[in-house]
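The values are calculated or read from the model by the stated rules, or taken from the named source; none is laboratory data. Remember, predicted model here, so these are calculated numbers, not experimental data. Quick reminder, even Gly has a Cβ in these numbers, built from the backbone with ideal geometry, and neighbours come from all protein chains shown. Surface areas here come from the heavy atoms of the whole protein model, side chains and all, with no ligands, DNA or RNA. Shrake-Rupley method; radii C 1.70, N 1.55, O 1.52, S 1.80 Å.
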Amino acid sequence: MPVPTPRQTRRARRLRDITGAARDLVVEDGIEGFSVQKLAGRVDLTAGALYRYFESRDQMLVAVQVEVLSVFDRYLELVLQAAATSPILEQIIVALRAYVALAELQPQRFELNARFIGSMRPIFDAPAMEQTAGRTLAMLGRLSDLVARAQREGQLREGPAQHRAALAWSSVHGLVERRKLERLAPDAFAPEALMNELLLTLLVGWGASLKAAQNAVGKELSIDELRAAMTVAEAQDEVD
């Protein structure tokens, strides 16, 4: 691999700084409130100078989402590598719980990702969407591969693995966003109880035995180990 020149290194560092500032602005002001002028002021550049790094406002937002999804995907890869010898149903639960833990480990990035995927209208045009789709599908693909393997091993009934992965991912994400309702109705919105019920319902609904599903859902994750995986994922992303 060619060694980057000092100029390339400086540009890469500057790009990371701009992307980080853009991420902060989207969290603060929302996607609609994000402006090139505000970003320029945040990084001490003119608006015109920013266009030497990004072609458009959309490209700036795309860079933010790609950065967020890239870190999340690396993190999930590391967590699943550590769980590779566990029973396959446990690995599915590990993947989902590791994603849920992102709300605690990376609240800013998690909130930002929620804003991107929760928008009721398209944020980017089709070419820009293609740049973020690969990262999203990579994360979904990790879960889909686990579901497909569980089906091959007879732990789950045959079914559309991608659909099941999308359903599980969307469901746990929705529950995380509902956690704020716990203070209004603690019994109805107890986060851990709801998450356990959801995960158990998914596995049993897909054909897992009740005992195997209960064992998998009872799998506990170490938040310290998850935090360590996130630290490595961020470090790897900075190197790239």
Taking E28 and the conditions (1) over 22 Å from N113 (Cα atoms); (2) without any contact (Cβ under 8 Å) to a residue 12 or more places away in the chain, which numbered condition does it fall short on, given that it satisfies the others? (1)
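Among L69, L61, L50, which is modelled with pLDDT of 90 or more and either of a type in the set (A, V, I, L, M, F, W, C) or over 24 Å from the mean Cα position of the chain (by Cα) (or both)?
Details: L69 fails: modelled with pLDDT of 90 or more; L61 fails: modelled with pLDDT of 90 or more.
The match here is L50.
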Can you name the residue in segment 191-222 that is in contact with an Asp or Glu (Cβ under 7 Å, 6 or more places away or on another chain) and either assigned to a helix (DSSP H, G or I) or farther than 15 Å from S86 by Cβ (or both) and, of all such residues, is modelled with the lowest pLDDT? P191
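Tally the residues that are without any contact (Cβ under 8 Å) to a residue 40 or more places away in the chain and either crowded, with 16+ Cβ neighbours inside 10 Å or part of a helix (DSSP H, G or I) (or both), restricting the search to segment 54-94.
Qualifying residue count, segment 54-94: 4.
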Using the structure shown, decide if R142 is touching an Asp or Glu at 6+ places or on another chain (Cβ under 8 Å), surrounded by 13 or more Cβ atoms within 10 Å (Cβ to Cβ) and in contact (Cβ under 8 Å) with a residue 24 or more places away in the chain. yes
Step by step: first the residues of segment 31-53, then only those that are open to solvent by less than 20 Å² (accessible area, probe 1.4 Å) and in a helix (DSSP H, G or I), then the one that is farthest from G20 (Cα to Cα). Which residue is that? A49
Scan A190, A233 and give me the residue that is without any contact (Cβ under 8 Å) to a residue 40 or more places away in the chain and open to solvent by less than 60 Å² (accessible area, probe 1.4 Å). A190
With the condition kept exactly as written, say whether any residue in segment 58-67 is in contact with a Ser or Thr (Cβ under 9 Å, 6 or more places away or on another chain) and farther than 24 Å from A138 by Cα. no
Among what's in segment 209-230 and is closer than 13 Å to I93 by Cα and touching a residue at least 24 places away in the same chain (Cβ under 8 Å), pick the residue that is nearest to the chain's Cα centre (by Cα). L221
Can you tell which of W206, W169 is touching a residue at least 60 places away in the same chain (Cβ under 8 Å) and surrounded by 13 or more Cβ atoms within 10 Å (Cβ to Cβ)? W169
Selection from segment 29-47 of residues that are closer than 21 Å to V71 by Cα and modelled with pLDDT of 85 or more: none
Against the condition closer than 18 Å to S56 by Cβ and surrounded by fewer than 12 Cβ atoms within 10 Å (Cβ to Cβ), how does Q8 come out, does it pass? no
